[in-house]
Every structure is written in C-alpha cells, then in structure tokens.
Amino acid sequence: MMNDTWQPDFISQLPLFELLTDAYNGAWQAKMEWPTIADYNQHAAEYAKKINNCNGSPIRFIRQVTKSQEFIYSYEPSVYLRGEVLTRLNNWHDFFNMLVWLTFPKIKAAFNHWQYHHIKQRTVIQKTRTPVENILTHLDENGVIVVSSDETLLELLRGQHWQELFWQRRECVKTKMQFLITGHALYEKGLKPYLGMTGSGLLFKVSDRFFKQSLSQKINEVDCLVSENLMQHKAVAAHTKLVPVPILGIPAWWPANAALDFYKNTQYFRAKKDLSK
C-alpha cells in the first residue's frame, strides 16, 4: 500500500510530474499537512480552466465516507449526474485524480461519460464489465497519451522495439514525441517508482507544429484531440489494444536510462508477443 504521508515537494521529484505543474497549487508546497477537500474545491474554482462534466455541471470534490450500494450515488453516476467526484481524505490516489481533472478536464469528462453509460447498461442487462469499460479503466488509471509527428516512432512503439526507439532514436524521441500521463494511479506509482512501472498507451499522430508550443498549449490540444476522439463511440471501441509504455524507459525520465544496459532488461522491456503462433 502506498504511504499517504503528505509530500509537498513531489512535483519536483521526477519529470513525469511536470504535466501537473499548472494544476498543482504552488501555495500547497509550503503546507506541512494535507490540503483539505475544501482546498481542492477552492483551487478548482479559482483555476484558469472550467472543470465540468459532460453535462456542463461544475466538478466538485465530495468527501467519500463509505461506498454507496445505490447506483445513482456510486462513483461514476455521482460524477455524471451531479458533477460530484467522491474523494477520500489524505489519499494520494484521489489527490492525483483531482490534479488530472484540472489538467485534462475534457478527457476525464469523456471517460466518465462512457463509464456511466456502460455501467448503467450492465446493471440492467449484465453483471460483468464490458470491454469498453476495461479500456476506459486502463486509460483512467494508467493511461498515457503518446503523440508524435513521426509515424516511424509510433510504429516502433507499437512494435515494442524498445532499444531502437528509446536508445537509437533517443534524440528524435525527445523532439518529436511526447508522453502525457492521464492515469492518476500511474502518478501515484511515481511517488515510489519501480522497475516494471508501465502505462497503457493511446497513440496519436500530430503535426510538427505541435512541438513548437508551450507545455500548457500542448496539454490543451491533447485534451481536445483525445476527448473528441473518445466521444465517438466507435472510436472508444476501436482502442481495444492499448500499447504498453515502460515509464522508466522514456528518455530523461529516469537516471538509469542514460545507459544502453538499462534497456537490456527484457523482464521490463518485453518483446511483443507473436499472436500468430
């Protein structure tokens, strides 16, 4: 279990947290104890972006005491119907969920939209989770949006050619590829990184213009691009095979990956399975 001791300087610990810089309240770095849920809501209300669910209701963080057995008060319906994000006190998992809502509000709203409708459908028709629910859960918990202006880099990632991608094409990856984490569980894991830490990648081709923008502009463009894609039901269903992304292998994200030997660990950098056999 992750240690839930408040660490106000987490934002500077690893490059993977850089995306959250704007969403993280700088004043919290001086706090010696956890921000409250009231702090979360005040920060969200004052934040530059409008944080709404798909129905236009403002997102509010509500303390979760116990899990409700009643459908309309369970997690996804609470977000979809009332804009209420059930949140536990002093909890890194839920803290990062709040920061991702502020960073990628449109993507989070799209995740919630489809989760709600699939859960509602299966509570009536079936008991087991749908394939689309599984995809959305992977993206919501461990998702990484990968964009590149170079199709060759995307193909190397799809093919899991790790040494060629992250070592031989290292400089190209740094300038023509970007990894944007949407998974709040993945951020939580980043507090105590480990070999094996892997995200579920959703890949998109972008133009060279994308990489000439500021980080906040890139985040906003990806938020729009991915949410628009996900809001098409067929597009959600099409993402049946997410691509594994070894987080510690991303150039400059982990000190040890400055050496080629790091990428020779085949337990972490696994070859793609041959499904034809």
_Sort Ser216, Ser149, Ser12 by Cβ crowding within 10 Å, fewest neighbours at the top._
Ser12, Ser216, Ser149
*Rounded tilt (10° steps) of 131-142 against the dominant C-alpha axis of the chain*: 80
*Fewest-first sequence of Cys54, Cys172, Cys224 by Cβ atoms within 10 Å of each Cβ*: Cys224, Cys172, Cys54
*Mind checking which of Trp254, Leu89, Thr130 is farthest towards the positive end of the chain's charge dipole, using Cβ charges of +1 (Lys, Arg) and -1 (Asp, Glu) about the Cα centre?*
Thr130
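Evaluate the charge dipole of region 1-137 about its Cα centre and quote only its size in Debye, nearest 20, assuming +1 on the Cβ of each Lys and Arg and -1 on the Cβ of each Asp and Glu.
Details: 14 positive and 12 negative charges, 128 e Å.
Dipole size: approximately 620 debye.
Per DSSP helix of 4 or more residues, -39500 (n - 2.57); summed, then divided by the residues of the chain. What does that give at 222 nm, rounded to the nearest 500?
After summing the helix terms and dividing by residue count, I get -11500 deg cm²/dmol.
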*Projected onto the charge dipole of region 126-264 (+1 at Lys/Arg Cβ, -1 at Asp/Glu Cβ, origin at the Cα centre), which of Tyr263, Gln213, Leu230 gives the Cα projection farthest towards the positive end?*
Tyr263
*asked:* Let me check I have the definition right: for the chain, take the eigenvalues of the Cα gyration tensor, multiply each by 5, take square roots. What are those semi-axes in whole Å, largest first?
replied: 30, 23, 18
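Please arrange Ser74, Ser227 by counting, for each residue, the other beta carbons lying within 10 Å of its beta carbon, fewest first.
Numbers: Ser74 16, Ser227 19.
If I rank by nearby Cβ atoms, fewest first, I get Ser74, Ser227.
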*On alpha-carbon atoms, Rg over Rh for region 72-224 using Kirkwood Rh?*
1.01
*Rounded to the nearest 20 Debye, what is the dipole magnitude of region 68-128 about its Cα centre when Lys and Arg each give +1 and Asp and Glu each give -1 at the C-beta?*
180
*With +1 on each Lys and Arg Cβ and -1 on each Asp and Glu Cβ, and nothing else charged, work out how big the dipole of the chain is about its Cα centre, in Debye to the nearest 20.*
700
*By how many degrees, between 0 and 90 and to the nearest 10, does the Cα long axis of helix 105-124 differ from the longest principal axis of the chain?*
70
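Mind jotting down a quarter of the surface of the convex hull over the alpha carbons of region 141-264, in square nanometres, one decimal?
Details: hull surface 30.7 nm².
In nm², the orientation-averaged hull projection of region 141-264 is 7.7.
Rule-based calculations on the coordinates, nothing more; no lab input. Predicted model only: the values in this text are computed from it and were never measured. Note that we place each Cβ from the backbone using ideal geometry, even for glycine, and neighbour counts take in every protein chain shown.
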